[in-house]
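Enquirer: Take this structure, written in structure tokens, and hold onto it; I'll ask about it next.
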Amino acid sequence: MTKPVGKLIVIGGAVNKGSFAETDYDQNIEKNLNFFERGILRKIINESKHKEDSVIEIITTASQIPQIVGAEYKKAFEFLGAKNVNILDVHNREEANSDAIVARANAADVMMFTGGDQLRLTSILGGTRFHDTVLLKYQEQDFIYSGTSAGAAAASENMIYQGSSSEALLKGEIKTTQGLGLIDNVIIDTHFVQRGRIGRLFQAVVNNPRTLGIGLGEDTGLFIHNDVMTAIGSGLVILVDGRFIKDTNLTNINLGEPISIDNLTVHVMSMNDHYDLTTKVLTIENSQFNPIPQDR
């Protein structure tokens with residue numbers, strides 16, 4: 001299968017971004033712009049086809065408060081210089097199959113899928129003309145799919161949609177289903193560090209060790225292009241690789257019982273580290289083992 005021409009930017013959610021609805025926004029500009037200025041939304045603009053002139057559609061389908069969420073991201077992008085930012089709230093499958101919505105999708109250089117409930121994304125958009133348009137643009141055009149929280153979790157072929165953090169390593173405690181299918185052989189979990197979701201990812205990977213687990217911390221994302229993932233933002237990305245698992249009790253225990261796993265591999269990425277999905281090699285950008293340049 002040929003590599004997609006498009007780019008994927010998945011974000012773990014935000015804890016430091018502040019809110020554009022805050023009355024003291026101008027007085028706390030540095031705090032409120034932490035999320036935007038640490039490279040994530042700026043990265044989206046810089047990587048887009050026409051930079052500040054790119055057409056950006058903010059997809060608020062996952063959210064129960066689309067007007068508030070959409071307006072906040074629109075203001076954020078515009079603050080960073082974007083000139084053509086629109087809010088596209090697709091409420092139902094009929095709209096997702098309409099000529100008007102498909103036309104807007106075709107015209108977009110960037111789609112930003114907001115947080116909320118990833119099942120809303122897949123159940124409303126999955127298999128529609130809108131969904132087909134997004135997939136085709138990502139495969140064939142200089143197009144960016146960007147998603148935060150639910151929008152990130154739904155980007156992969158399979159996604160986690162339910163499961164408590166505290167009980168995630170008990171058999172059957174996490175639920176997965178098919179996502180939007182932009183990237184294969186990975187599964188993405190979000191708000192990863194703050195909500196302690198490492199066990200959810202462990203179980204998702206032991207269920208099928210071919211799948212690479214990706215845990216995105218808050219204010220942190222991955223830029224994915226040409227099968228290389230680069231960490232962006234201020235926090236951590238956790239990778240869980242199950243290819244070298246030696247043993248597990250998964251099929252010998254009952255639902256609700258603890259899972260044992262021998263030899264699960266975990267990597268931790270921070271800003272500018274990159275992981276090659278083809279070779280399965282992680283490169284730490286600021287490695288302490290890199291040769292130190294000698295003054296001549």
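Enquirer: Select from region 98-113 the residues that are buried (at least 17 other Cβ atoms within 10 Å of the Cβ) and assigned to a loop (DSSP other than H, G, I, E, B) and list them in ascending order.
Expert: Hits for region 98-113 are Ala108, Asp109.
Enquirer: Moving to a separate point now. Kindly check whether there is at least one residue in region 237-244 that is modelled with pLDDT under 90 and either buried (at least 17 other Cβ atoms within 10 Å of the Cβ) or touching a Ser or Thr at 6+ places or on another chain (Cβ under 8 Å) (or both). Walk me through it before giving the result.
Expert: Step one: list which residues in region 237-244 are modelled with pLDDT under 90, which gives none.
Checked against the condition, which is being modelled with pLDDT under 90 and either buried (at least 17 other Cβ atoms within 10 Å of the Cβ) or touching a Ser or Thr at 6+ places or on another chain (Cβ under 8 Å) (or both), region 237-244 yields no hits at all.
Enquirer: Kindly establish whether Lys83 is out of contact with any Pro (no Cβ under 6 Å at 6 or more places or on another chain), modelled with pLDDT of 95 or more, over 26 Å from Leu119 (Cα atoms) and not hydroxyl-bearing (Ser, Thr, Tyr).
Expert: yes
Enquirer: What are the pairs with Cβ atoms under 6 angstrom where one residue, in region 70-97, is in a helix (DSSP H, G or I) and the other, located anywhere, is of a type in the set (Phe, Trp, Tyr)? Sequence gap at least six, or different chains.
Expert: The qualifying pairs are Glu72/Phe20; Lys75/Phe20; Ala76/Phe36; Ala96/Phe130.
Enquirer: Need pairs with beta-carbon distance below 6 Å; first residue in contact (Cβ under 8 Å) with a residue 40 or more places away in the chain and within region 43-56, second among the β-branched types (Val, Ile, Thr) and open to solvent by 40 Å² or more (accessible area, probe 1.4 Å); sequence gap 6+ or separate chains.
Expert: none
Enquirer: Step by step: first the residues of region 282-294, then only those that are modelled with pLDDT of 95 or more and of a type in the set (A, V, I, L, M), then the one that is least open to solvent (accessible area, probe 1.4 Å). Which residue is that?
Expert: Among residues in region 282-294 that are modelled with pLDDT of 95 or more and of a type in the set (A, V, I, L, M), the one least open to solvent (accessible area, probe 1.4 Å) is Leu282.
Enquirer: Of the numbered conditions (1) under 21 Å from the mean Cα position of the chain (by Cα); (2) within 27 Å of Thr176 (Cα to Cα); (3) surrounded by 17 or more Cβ atoms within 10 Å (Cβ to Cβ), Ile87 satisfies every one except a single condition; which is it?
Expert: It is condition (2) that Ile87 fails.
Enquirer: Having 2 or more residues that are open to solvent by 10 Å² or more (accessible area, probe 1.4 Å) is the bar; report the helices (runs of 4 or more DSSP H) wholly within region 114-154 that clear it.
Expert: In region 114-154, the matching helices (runs of 4 or more DSSP H) lie at 118-125, 129-140.
Enquirer: Give the residue, chosen from Ala231, Ala204, that is of a type in the set (A, V, I, L, M, F, W, C) and outside any helix (DSSP H, G or I).
Expert: Ala231
Matching residues to (1) closer than 22 Å to Asp117 by Cβ; (2) open to solvent by 20 Å² or more (accessible area, probe 1.4 Å); (3) modelled with pLDDT under 95:
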site	(1), (2), (3)
Lys17	yes, yes, yes
Ala21	yes, yes, yes
Asn28	no, yes, yes
His50	no, yes, no
Val55	no, yes, no
Ala62	yes, no, yes
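The values are calculated or read from the model by the stated rules, or taken from the named source; none is laboratory data. Nothing here was measured: the structure is a model prediction, and the numbers come from that model. Cβ sites come from the backbone with ideal geometry, for glycine too, and all protein chains shown count toward neighbours. Accessible surface is based on the protein model in full, side chains and every heavy atom, while ligands, DNA and RNA are left aside. Shrake-Rupley method; radii C 1.70, N 1.55, O 1.52, S 1.80 Å.
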